């Protein structure tokens, strides 16, 4: 009987090291690739064009331009014009001839997608359906405020039916 | 006898536990999503759809040959061969041609693969800045379906060509009047300084 108990004890000890990998994987920290910012977000370009620069090819400031906003005639403080395109992802390949461009800007902004006005709601969210041609399509999304500031994002989408 | 049976029971439990641990599926936290995506971002600069044998390349032109050009992508260089059937979409030039491509151009290329890279079906040059622009000002002259001139806050003027397709959005009316504050969305016609209005938004006074 003591022999059996001894054998069981030895088995217990050996079992604790049976599969250290399998036991340890529950606590593995995800690699950096799973927590890094999405490449789509990094690829997105938003550029601000102050009104004074529209007729001359001067360097453009990247991102939005709170400083470029001029004082308005109203008492409320001006909000910095922003533009964030959510879909489609830049440099994407799609298999449908019509896609919906969605994103956010400030409420009251005018947004165009390839020159067509997009519907902007009270939260500044917009969307616009556009038809694609087969092959590469360059999509220009431009937003502006009533002071004449504008920001844009240029996306490339390839339609492969 | 009781202790003997207890020992045997323990042994069986341990054996089953050990079996389960050894043959359990290892966790797969980075398993790719299943199913065919409707949209496949190719942020590495090149994408391959092996099923349809079609390729797409996004990148910068880093070399130009007689009937080839090299596209530098984040994945590496891709040699693109053009044919007489290749179509070109160049923002400032219509119709575009191979001779209009330049070093440093950002391009998107669609085509079919060959041994050396890709045979281009379509090439699009991505503009550095949009061809669409918004202009805000007060209407100083207006002729429906013909032209509109506005004066901006700094006193500058701009005249736009209007067409029947020009969309007019006026929340408190149906048209445009002189003195209205508007945003004109326009497209610069390739190879000219003419701006055609695609839309006009009338701002409330």
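Identify, please: which residue in the stretch B:107-150 is without any contact (Cβ under 8 Å) to a residue 12 or more places away in the chain and in contact with a strand residue (DSSP E or B) (Cβ under 7 Å, 6 or more places away or on another chain) and is, among those, surrounded by the most Cβ atoms within 10 Å (Cβ to Cβ)? Looking at the filtered set, the residue picked out is B:130. Between B:109, B:71, B:57, the distinction of being within 14 Å of chain A (Cβ to nearest Cβ), modelled with pLDDT of 95 or more, within 18 Å of the chain's Cα centre (by Cα) and within 16 Å of residue A:160 (Cβ to Cβ) belongs to B:109 only.
Residues in the stretch B:151-205 that are surrounded by 18 or more Cβ atoms within 10 Å (Cβ to Cβ) and either in contact with a helix residue (DSSP H, G or I) (Cβ under 6 Å, 6 or more places away or on another chain) or not in a strand (DSSP E or B) (or both): B:162, B:166, B:176, B:180. For residue B:91, the criteria (1) out of contact with any strand residue (DSSP E or B) (no Cβ under 6 Å at 6 or more places or on another chain); (2) more than 8 Å from chain A (Cβ to nearest Cβ) hold in every case but one, which is (2).
Within the set B:191, B:156, B:137, the sole residue that is at pLDDT below 95, more than 30 Å from residue B:85 (Cβ to Cβ) and not assigned by TED's automatic domain parsing to the domain that holds residue B:85 turns out to be B:156.
Evaluate the stretch A:154-161: report whether one residue or more is at the interface with another protein chain (Cβ under 7 Å from one of its Cβ atoms), modelled with pLDDT under 95, in contact with a helix residue (DSSP H, G or I) (Cβ under 9 Å, 6 or more places away or on another chain) and not in a strand (DSSP E or B). No, the stretch A:154-161 contains no residue that is at the interface with another protein chain (Cβ under 7 Å from one of its Cβ atoms), modelled with pLDDT under 95, in contact with a helix residue (DSSP H, G or I) (Cβ under 9 Å, 6 or more places away or on another chain) and not in a strand (DSSP E or B).
The values are calculated or read from the model by the stated rules, or taken from the named source; none is laboratory data. All figures in this text were calculated on a predicted structure; none of them were measured in a lab. Glycine gets a Cβ as well: all are built from the backbone with ideal geometry, and neighbour counts include every protein chain shown.
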